[in-house]
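One structure below.
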Amino acid sequence: MYLIFAAIIALSGADGIVSGGYMEPDQVLIDIVDVQWAPSTSVSPDFQNWLLRFPQANPSIAELSQDELKLAGMRFSPQTFAPSRSRRFVDLTLMRYPELEIVEIQGLPENPRVLSTSWSPDGSMVALTNETPEGVELWIIDAGAAEARRLTGPVISLTANEWPEWLSDGSGIICCIIPEDHGEPPAPNPVPSGPFVQETTGTEAPARTYQDLLRNSYDEELFEYFLTSQLSVVRMDGNIDKVGEPGIIWFYSPSPDDEYILVSQLRRPFSYMVTAGRFAELIEVWNLDGNTVYEVADFPVRDAIPIAKGSTFEGPRSIVWRSDVDATLCWVEALDGGDAGVESEIRDRVFTLDAPFDSEPAELLSLRSRFGGIEWGNDSLAIISEWWWPTRNIKTWRIRPAQPDSEIELLVNRSWEDRYSDPGFPETRLDNRGRSVLVTSPDGGSIYLVGDGASPEGDRPFLDRLDLSTLEVERLFHSQPPCYERPLRFINDECTIFLFLRESVNEYPNYYVRDLENRTDMQVTSYSNPITLLNGMHKELITYKREDGLDLSATLYLPPGYDVEAGPLPMVIWAYPQEYRSASAAGQISGSPCEFDYIGWWSPVIWLTQGYAVLDNPAMPIIGEGDEQPNDTFVEQLVMSAQAAVDEVVRRGVADPDRIAIGGHSYGAFMTANLLAHSDLFAAGLARTGAYNRTLTPFGFQSEDRSLWEAKDVYIEMSPFMNADMIDEPILLIHGDADSNSGTFPMQSERFFAALNGLGGIARLVMLPFESHSYRARESILHVLWETQEWLHTYVKG
């Protein structure tokens, strides 16, 4: 096979075009790609039934090449009115708890392609959407009887990514359906009616580089046609109650008491500069007859939001129902004009408004930074958070919603970069109306916190109880090596029994139930690792120092049976840079040496099968403290971190310094090209779906919120495209030709390859048909592995 690869390179024409179809790697890699992992699990609110959902294997390229519309940042099938890029489930079963009996569901659709599932608030039924060639149907499963039946024909519209939602009493499911008189979609006119014209107004309107924007009036017609739907309630007998008139329904949310629906509709004029989420929008409260009860907001196109991180639009946002009461709206408004770049004493203000919405909104709280979210408990308890990007600060407050004038209590004030100080997040549950509320102790005096438990030994998840009167914390559960255990949810009202996941390096993740009073564990599932050929691999969390003294870490993998006395191995290093405002936080350990590794095509660990050592996720921190911005010294810090990683694996005797490849995906691909340009540490590079010319993302990228015109030198120095003449190592560029990610246009790889070709560099460009930012089709995935296998053998291993 390696000779074939060499021959392909040698015989490619002067124009650099290499012909040929999809290739396949070694059989061991094919077997890993085709592995069937354990099903995902959805547990009923009453915990008595578990829905096991078996995902579709990687689709074929034929399926991926079916018609797809790309409009205003969305992608969907024009045949089925369903998202085209989401994974489908192809089988469902039930498991009874605590008997652990597996029950087959009778009456499921033939050859199901399930897009979504959701439990009714009482846990007795499951709603599911099933995609057929004609469209999407709505089905329900009676959990007790383990029987499924169809409620509607193929009339459900999911083009706006709004999924069916149960009414609180379980009497119906609110969803969008295709209007009965929708007719045929607009036909294209092959003869243009005139030129495509855009014009500025003199107002600053910076925008990130979005994909799939509307381009012309025909796109506008298509968008309006496919996004227009009829809001409806589907009853359990299959009857459909229409709510209001058809419109471009963007989102909907019934109130907890089912008396009202919060409805958002998009309206013309549309925009060619931003995605649908920033189009003109009308947000109202309707009753179930579809009559407008209250207008919450009426927005124009929001295309002039400043690029400074933390900026937003003016007017109500984060509009939700208060989850713990019948019908109270809550929203946030910016008091700084939405501009995070200006000074302001108060940034955001939170408002509430009770039904029947005929009074003035009540101020709940003013925040000095940006609103982050709120978890509701009851009239005397809610937890609200705020954050501020320049300082990476997050604060969490305890408030009393029914007493807005009462003193608020600060619970957390920390940098989110400092993982070691993270106290965890409040635990929530679904109440009897299916709404998320805080979990409190039986006496109401405590809440529960779940966190990753980051530490110098790696992550050790925990479950704590926080006394709200004293703010004292009691640790109830702490993951213990060699296992990695993650608390998930309480399963009784007394908060003494909870569900958790247990795994280890050699133990596949399985569900367990722990009784805190009896200190006993019950195993619920018994899944085993479907990939056994790497049993016995060496996995180790290693630490080392950068030249400037910064502590760094990585995970080292060595093939089963490898002995360092046999000599160093060729190595693959796979990484992704991360910006920090604090050197102390940048040096912290992330991840856990006890976690189980899902080894798929996406994982660099797969290359152990080919005789490589692997260094996964070596820290590549880019730090800017005080007035210095991280990217001001991006290249210097990147090379320093890479040098430290290489020095450590060479010192350990596990890697041959002349046979190390560097690789990454997206920003990791950008990193790869930079390291090849600015160092001689690596034999070759593997760059997947990256951006290489930052001048093509002029209004910010990643964590950089300065524009090109504010930081020209930074943008140019960070661009591998501008330094292509310095790359003298072979680089494999792979990109999906339908990449939807902001900034990583396929053109980025094409232009970078053209530059390397013109300068006499050694490069190979692989453009994957119909693939987006990540890859889905089995043929594409196998070809990516073949390209990578051959590139590594030719330029690293051999």
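Each residue was assigned an accessible area with a 1.4 Å probe, and for His665 the value is about 50 Å².
For segment 473-615, DSSP calls about 90 percent of its internal beta bridges antiparallel.
Extension gain, Asn189-Arg519: 0.36 nm per intervening residue step, less the Cα-Cα distance, totals 111.7 nm.
Residues in segment 526-550 near a label at Leu100, defined as backbone nitrogen under 17 Å from the 7 Å Cα→Cβ point? Under cut-off, by backbone N: 526-529. Estimate the FRET efficiency between Gln403 and Asp142 by the formula 1/(1 + (r/R0)^6), using the beta-carbon distance for r and 41 Å for R0, to the nearest 0.05. Between Gln403 and Asp142 the formula returns 0.40. Is the chain best put as rounded, prolate or oblate by its Cα gyration tensor, with a ≥ b ≥ c the root eigenvalues, rounded for a/c under 1.5, and otherwise prolate when a/b is larger than b/c, oblate when not? Rounded, since a/c falls under 1.5.
Placing Asp354, Asp464 in order of accessible area, with the largest value first and a 1.4 Å probe, yields Asp354, Asp464. Surface listing: Asp257, Asp405 arranged by accessible area from highest to lowest gives Asp405, Asp257, probe 1.4 Å.
Could you tell me whether segment 519-590 comes out rounded, prolate or oblate from its Cα gyration tensor? Rule is a ≥ b ≥ c as square roots of the eigenvalues, rounded for a/c under 1.5, then prolate if a/b exceeds b/c, otherwise oblate. Here segment 519-590 falls in the oblate category. Solvent-accessible area of segment 602-720 (1.4 angstrom probe, protein heavy atoms only): carbon and sulfur portion equals 47 percent.
Charged side chains reduced to their Cβ positions (Lys and Arg at +1, Asp and Glu at -1) give the chain a dipole of some 1400 debye around its Cα centre.
Placing a pseudo-label 7 Å from each Cα along the Cα-to-Cβ vector at Ser86 and Arg489 gives an inter-label distance of 1.8 nm. Given a 1.4 Å probe and the protein chains as shown, Val639 ends up with an accessible area of around 30 Å². By accessible area, using a 1.4 Å probe on protein heavy atoms only, segment 743-794 has 59% of its surface on carbon and sulfur.
The 1.4 Å probe gives accessible areas that order Thr129, Thr228, largest first, as Thr228, Thr129. For the chain, adding -39500 (n - 2.57) for each run of n ≥ 4 DSSP H residues and dividing by the number of residues yields -3500 deg cm²/dmol at 222 nm. The Cα center of segment 418-466 and the Cα center of segment 348-403 differ in position by 19 Å. Ranking Asn378, Ser641, Gln66 by Cα position along the charge dipole of the chain, where only Lys, Arg, Asp and Glu carry charges on their C-beta atoms, puts Ser641 farthest toward the positive end.
Just want the answer: with Cβ charges of +1 for Lys and Arg and -1 for Asp and Glu, which residue in Gly153, Ala763, Asn631 is farthest toward the dipole's positive end in the chain? With unit charges placed on the Cβ atoms, the residue in question is Ala763. Charging the Cβ of each Asp and Glu at -1 and of each Lys and Arg at +1, and nothing else, the dipole of segment 424-564 about its Cα centre rounds to 400 debye. For segment 36-191, carbon and sulfur atoms together expose 49% of the accessible surface, with a 1.4 angstrom probe and every protein chain in place.
Across the options Val437, Pro481, Leu471, the greatest Cα extent toward the positive end of the charge dipole of segment 414-542 (unit charges at beta carbon of Lys, Arg, Asp, Glu) belongs to Val437. For the chain, the solvent-accessible area of protein heavy atoms averages 42 Å² per residue (probe radius 1.4 Å; ligands and nucleic acids excluded). Counted over the chain, the DSSP beta bridges are approximately 85% antiparallel. Shown is the FRET efficiency for Tyr218 and Ala583, computed with R0 = 35 Å from the Cβ-Cβ distance and rounded to the nearest 0.05: 0.10. Accessible area of Ser40 (1.4 Å probe, protein heavy atoms only, ligands and nucleic acids ignored): about 40 Å².
Summing +1 for each Lys or Arg and -1 for each Asp or Glu among the other residues whose beta-carbon sits under 10 angstrom from that of Gly743 gives +1.
The values are calculated or read from the model by the stated rules, or taken from the named source; none is laboratory data. Small disclaimer: the values here were computed from a predicted structure and weren't measured. Using ideal geometry, Cβ is built from the backbone for each residue, glycine included, and neighbour counts are taken over all protein chains shown. In case anyone asks, the SASA skips ligands and DNA or RNA and just uses the protein heavy atoms, side chains included. Shrake-Rupley method; radii C 1.70, N 1.55, O 1.52, S 1.80 Å.
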